[in-house]
Amino acid sequence: MLSPATRYENARNAFLESKGHWLAAEPLERWSLPSDRHLPSALIVLPLREVLEKPYYALLQTKGVGESKLEKLIVLIERALKELVQSDDASVVNTAGSESVLPDPGVAHRPANSIPDAENVSLTELTPSVWHHICLCIKRHSLQNYPLGRFSETLDELPRGLWSCPLSDFVDHSIGELKQLKGYGEQRIASVLKVLATTARLVEECPDGTHLGIKVFPARIERISSWINRVLHDDFLPDYSSLCQHFVLPLLRQLECDLGSQPAEMIERRLGVESEPETLQQIAESFDLTRERIRQLTLRAPEVMEVRWPEGKHLLDDFFEKFRSSGDAVRHVELIRRTLDLLFDVEARSGVSRDEVIQAWDTAGRYKETPMSENEILVWLAGSFPELVPSAGLKWIASESLSVEYEGRRLYFSNDELDGFLHRLYDTGCATNVNDLVDADEREQRNLRMKLQRDLRFSEDEDHCFLPTEFYGFTRDSVGWHVSLESETPGKRPKRSFISVDCIVAAALGGLLKAGIVDVTVWGFHRFVNEQLKGLYEARLPDSINAFILGDMVVRQSGKRICAMRRRRLRWDTNENATMIAKGKRGWVGFVVKQLGMPIIIDELSGMLNEHYQDYDAYVIDQLNLDAEEEGETDFGVSMQTGIAHKLPTVLVPDGWSLDKRVDNVSPGVRLSVARAISLLHEGRISISDLAHLPWFVELVERNSYGENFQAPRKNGLVQKHMTEQLSLSLDDYGRERPDETKIESTVAINNTALPEPQKNVDDLLQRFL
């Protein structure tokens, strides 16, 4: 048995005799196997030529290298020598002295039948010359950019992680580098080499440098592609059976080859080629599997098509449009659409179905998020379905939804009822009354009007007709509604080009409340907003936003802070009493009575409310329903205490009030009622027991009847004298002169110490009571 030193010198001499051979430039690790252990790491990374330049004893002096490791090194050198001897191009010398891993393709010749059968390819037996020839065959025909799975006979035998790897990931490496690839064991590398060797054998005899090139397709895919191209160029459409035979079924057979028979059957049942499509749940029950497992198995179909036929989705877009545009191939269109979704798009890959996207789209319509442009839909899809490719969802929505072209962009509407009306308004561009929008009875029309009035996408003009809010210059984003501004000075750019409606509401309310104004006309509000915009931004509202449209918008956008009144008026809350608007008319009644701080009769309320409602007193009082059933405590800080029907009116008493005997802290109207009661008592038309529910009123009657101010009663005389001498204000004097509707006027707090007393109003009151 030869010593290690002798074995090393023999191998060294053999290599030195073939000086210049390209194998000498390879690092020693090229011949290492995964099973090798205790190799000298300092030496195996060096080129073989550099190691062989040193004698055995010089290598033995290398730090960290002993006889045991040197013996392992000699094994690698003997493997390299064996490969050198087996090489049929050992006489070829790289005269350029290049240290490249592979010899110059222009120098090395191609040995006949040098590529072994795919079944016989292994990393340990593959020589560098054979590997070099495989790489040359693939590069010669520019196949290195194709995915590895394209060349595999069946993807079922190839790890899924290798399906999409380009051939360049392997043919640009030497055998030694292949061994060092992370994540690639012997079995994985064997799968790669099998595909590469098969591909190289197929193209080995094909000439290069001619006017012809090679394009690789699976055989079934090539036949499908050719048939579809013929259909696209023909003037007639194939029948349903031909569509199944030449398009769908060959695709299913390709999936059966790549995934197996069971997943292919599941996909076929999902497509519903010869029957109705089945749901995941139905298929799961048939195979006795979970719905999630069925989904996982069918998820692989788009991955297969992405490897086998990535160009297919673009070709099939035209194919689908040809059938859809005909209008007579509904069944064909549905089958092609399901095929595109399941095999070529992202439905199966993401687990998001067309139905789920369309359902979410209709929900967005009910939430008033539509219409949307294409870019807005893509953003919405990215947020709602992050696992879905937005372009695929856009195709589904576009095929299922109404759309219209508006200002250079296409808007899409959901299937919601209000979206249908909105689409009609966008399409016609004409303001439309509810009666013309729907043929229904009066109740349905009233319900529809209420829905439209609550929907910010619709605006109602002074003629009670509706148009899309966007038509008036409003725009909407994820934050809210905005309005474009125009320059106050022609030719001069405003400081701000748009402002949100919320900012308009806040700025206007802030300024008006500071001025003490809580009730204005829509014209006054519109003018005040324009004045603020002029001062702040040198801008104004566009002409399309008139007083009615602005008032309608701010009422709905203000969150009930601003309320609409009849006669085109707006009113809002004050900081002092934050419940008036929330409690409606009753809230204002409470506000008036509490501001006065003393009981009043119902007839006085009209004049006092006129301070705030501005000529709406009759309308307010008529709807308050202040009858006997409402006697007692209320929810707006006032007690209603009934008088005597047709004799004494109802009295409104603020909560917490008590009679002050020193000043008789009641309103003039209550004093009139006291005088009236005294007269009725003397005439015998009422008794003191009729007033038992008003003890404080009885006390006033008794003190005024028998006190120092009492005068002998006579029919109507006592009341007339009492009113003319003691009252300082009659009921009708609480109202101020009707303001000009073109001006914004502030309300004035009620001050009972400065009340006028025209005598004619006293006479009017007497006629009402007596």
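The values are calculated or read from the model by the stated rules, or taken from the named source; none is laboratory data. This structure is a prediction, so every number in the text was calculated from the model and none was measured. Cβ coordinates were reconstructed from backbone atoms using ideal geometry, including for glycine residues, and neighbour counts include every protein chain displayed. With ligands, DNA and RNA removed, areas are computed over all heavy atoms of the protein, side chains included. Shrake-Rupley method; radii C 1.70, N 1.55, O 1.52, S 1.80 Å.
Some points to look at:
- If R0 is 51 Å, the Cβ-Cβ spacing of Lys534 and Gln281 corresponds to a FRET efficiency of close to 0.20.
- Rounded to whole numbers, the Karplus 3J(HN,Hα) couplings from phi for the stretch 652-657 are 9, 10, x, 4, x, 7 Hz, using 6.51 cos²θ - 1.76 cosθ + 1.60 with θ = phi - 60°, and x at Gly and Pro.
- Average projection area in nm² (convex hull over Cα atoms of the stretch 187-266, one quarter of hull surface): 8.5
- Pair Tyr367, Ile688: separation of 7 Å Cα→Cβ label points (nm): 7.1
- Peptides 224-237, 552-565, 667-680 ranked from most to least packed give 667-680, 552-565, 224-237, packing being the mean of other C-beta atoms within 10 angstrom over each peptide's residues.
- The listed peptides 299-306, 215-222, ordered by packing as a protection proxy, come out as 299-306, 215-222 (highest mean of other Cβ atoms within 10 Å first).
- Near the amide H of Ser639, within less than 5 Å, lie the amide hydrogens of Val653, Asp655, all on another chain or at least 5 residues away, with H placed in the peptide plane.
- Legend: calculated FRET efficiency, Phe217 to Tyr406, from the Cβ-Cβ distance at R0 = 41 Å, rounded to 0.05, equals 0.40.
- For Leu402, residues with placed amide H under 5 Å, excluding near neighbours: Phe413
- Förster radius 41 Å - calculated FRET efficiency between Lys514 and Arg662 (Cβ-Cβ, nearest 0.05): 0.60
- The residues of the stretch 484-540 expose on average 51 square angstrom of accessible surface per residue, using a 1.4 Å probe on protein heavy atoms.
- Globularity index of the stretch 265-307 is 1.15 (Cα radius of gyration / 2.2 N^0.38 Å, N = number of residues).
- Rounded, prolate or oblate (a/c below 1.5 giving rounded, otherwise prolate when a/b exceeds b/c) for the stretch 165-310 by Cα gyration tensor: oblate
- Pair Ala645, Glu699: separation of 7 Å Cα→Cβ label points (nm): 3.0
- Each label was represented as a point 7 Å from its Cα along the Cα-to-Cβ direction; for Cys430 and Ser399 these points are 3.5 nm apart.
- In order through the stretch 307-323: 3J(HN,Hα) via Karplus (6.51 cos²θ - 1.76 cosθ + 1.60), integer Hz, x for Gly, Pro: 8, 6, 8, x, 6, x, 4, 6, 5, 6, 4, 5, 4, 5, 5, 5, 5
- Net lengthening on full extension, Gln144/Glu292 (0.36 nm per residue, minus Cα-Cα): 49.6 nm
- Theoretical gain in end-to-end length, Ser500 to Ser68 [0.36 nm per residue, Cα-Cα removed]: 147.2 nm
- When both the stretch 523-574 and the stretch 229-305 are represented by their alpha-carbon centers, they are found 60 Å apart.
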